[in-house]
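Asks: First, the structure itself, so that you have it in front of you.
The values are calculated or read from the model by the stated rules, or taken from the named source; none is laboratory data. For clarity, every value in this text was computed on a predicted model and none was experimentally measured. We place every Cβ from the backbone using ideal geometry, glycine too, and count neighbours over all the protein chains shown.
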Amino acid sequence: MFENLSDRLSKTVKKLRGQARLTDENIKDALRDVRMALLEADVALPVVRDFINRIRERAVGQEVLDSLTPGQALIKVVHEELIEIMGQANASLNLNTQPPAVILMAGLQGAGKTTTVGKLTRFLKEKSKKTVMVASCDIYRPAAIKQLETIANQTEAVFFPSEPNQQPTEIALAALAQAKRQYMDVLIIDTAGRLHIDAEMMGEISQLHKLLNPVETLFVVDSMTGQDAANTAKAFGDALPLTGVVLTKTDGDARGGAALSVRHITGKPIKFIGVGEKLDALEPFHPDRMASRILGMGDVLSLIEQAQTKVDHEKAQKLARKLNKGKGFDFEDLRDQMNQMLKMGGMSSLLDKLPGMGAMPAHLKDQANDKEIRRMIAIINSMTLEERRNPEVIKSSRKRRIAAGCGLQVQDVNRLLKQQQQMSKVMKQFSKGGMRKLMQSMKGKLPTGGGFPPMGGGFPG
Ligand code: GDP
Ligand code: MG
C-alpha cells in the first residue's frame, strides 16, 4: 500500500539522514522533494500546502536546528506531521448506546459499502462478540439486496429481508423494530449509492439518518479516487453528520492521497481501511503506523521493543563486529538470523515493521513466510561447516548433495545461495553505519558498539 509515496519520501528521508548540518539550501531541497511526492500521490493541494508550511516552520525552529542530528530531527518532524494530518490516534467505533447500536453506511455506488457491511460484521463478531443484524435499503438494484443476503450468510449476521418495491425508510424502520425485538447488539443499514452526488440521494440518506438516529454514520470511499475521495467525503459530510470514514481498496492504491487528505479536508477520522475483497480484509486505521510505513521506517519502535526482549544481544554484537571488519555474511549468520526471527514471532509479524520493507518486491514478501524460513534452515543444516562458512565453495555436486540431504531441489539451494548473496550485500551497507545510526537515533537504547538488532534490514530489499 502507498508504495509510490513511500518510495519517494523514504528516498528524501535517506538523503537527510546523513546530513549533520541543515542549511537553508538542503531544507529547501527536502521540502521540495516532500511536496512533489505528496502531489504525485494525489494528496489534495490545501493539505500539501498546510503540511509543507508546518514542516518549514518547525524545520527552521530550535527543535531541529539545535539538535545534534538535524537531519534526523527533521525526519522526526515529518513523521509527526504525517501522523497529525492523518488524525493522531486510531478512532474506533463508538457503540456505547442503548442497543441496538445502529450503523448507517453511506457512499457512492461501487465504493464498497455492501462489502464493508460484511467486513464490519465479521470484525464486530470476532473482536467484541456482538450480535449483528444487517438490512439493505438499496431498492434500486434488485441484486443489491441479494448481495447483502449472501454476505450476511457468510458472516453469520442475521439478515433482515427487504424487497425492491418497499421504501428505504419503511425498510429501515422495520429492521430497527425487528433488531429491538431480537435484542441485537448492532444493526447495520446498507444503503444505495449513485454514480455521482445528487440531491435525491442526499435527501434519501438524510431522511434515513433522521429516522434511525445512528451512533455511527460511516462514509465509505474508494481510496483509488485519490483526493476526490476527500472531496466527496466533504460533500457527504456537509449533508450528513458523519462519524467516520472507511477507506476501501487500499490494496490497489499505490499513491495514498486519499489517506492523507480525508481527515484534513473533512475533519472526520478514517476509522478503517479495506485491504482486499475478502470479508476479513479490514483493518483499523492507525495514523502513527501508517506514517511510519509511508516513511519506510516500518514500526521501528515496536520492533526495537521486540528486539530488546527477545534477541540475543551477544550474538548481535558479534555479528556486527564481524561485519564491521569487512567479513561477509555467511550461512552460519543467516541461520542465526532466521532462528532469531522465528523466536520473535515469525515473519508475518515482523515484515511490515521492518524499515525499507516498502521497497521490497511483492514476490519476495510473499516468499518470506515462516514455512520458507524453516525450509531455508533445513537447507543450511544439510551443509558442512566449511560450506556454511564459505558459501562460495558450493558448486554443482555439493548443491546436489545438499538438496538430497534435506529432501529439496537443487533450485531451492540455488535460491538460498542467491538470497545469501543479496543479504551479504545489504549487510555490508548497513555495517557501514546506515542502520546502526538509524537505530541509535530511535532512542539509543540498543547496545552501542555496532549493536544493531540482528533483524534489522536483514532481508533483500
Ligand atoms: P457498494 O456499491 O458501495 O455496495 O460496493 P460493493 O460493496 O458492492 O463493492 C464494489 C466492488 O468493490 C466489489 O467488487 C468489491 O469486491 C470491491 N471491494 C470492496 N472493498 C474492497 C477492498 O477493500 N479491496 C478490493 N480490492 N476490493 C474491494
Ligand atoms: Mg451495495
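Asks: When the range 37-53 is examined, which residues are found to be within 14 Å of residue 230 (Cα to Cα) and crowded, with 22+ Cβ neighbours inside 10 Å?
Replies: Hits for the range 37-53 are 41, 42, 43, 44, 48.
Asks: Among the residues of the range 107-135, write down those that are out of contact with any Pro (no Cβ under 9 Å at 6 or more places or on another chain), of a type in the set (Gly, Ala, Ser) and within 15 Å of ligand 2 (Cβ to nearest atom).
Replies: Result: 107, 110, 111, 112, 118.
Asks: Pairs please, first residue from the range 191-214 and over 22 Å from residue 230 (Cα atoms) and at pLDDT 85 or above, second anywhere and surrounded by 11 or more Cβ atoms within 10 Å (Cβ to Cβ) and among the small types (Gly, Ala, Ser), Cβ atoms under 7 Å, 6+ apart in sequence or on different chains.
Replies: If the second residue must be surrounded by 11 or more Cβ atoms within 10 Å (Cβ to Cβ) and among the small types (Gly, Ala, Ser), the pairs left are 208/172; 211/172; 212/172.
Asks: Among the candidates 154, 166, 109, which residue alone is part of a loop (DSSP other than H, G, I, E, B) and in contact (Cβ under 8 Å) with a residue 60 or more places away in the chain?
Replies: Exactly one residue qualifies, and that residue is 109.
Asks: Please go through (1) in contact with a Phe, Trp or Tyr (Cβ under 9 Å, 6 or more places away or on another chain); (2) at pLDDT below 75 for residue 19 and return the number of the only condition it doesn't satisfy.
Replies: Of everything listed in (1) in contact with a Phe, Trp or Tyr (Cβ under 9 Å, 6 or more places away or on another chain); (2) at pLDDT below 75, residue 19 misses just condition (1).
Asks: Condition test on residue 248, is it among the β-branched types (Val, Ile, Thr) and at pLDDT 90 or above?
Replies: In short, yes.
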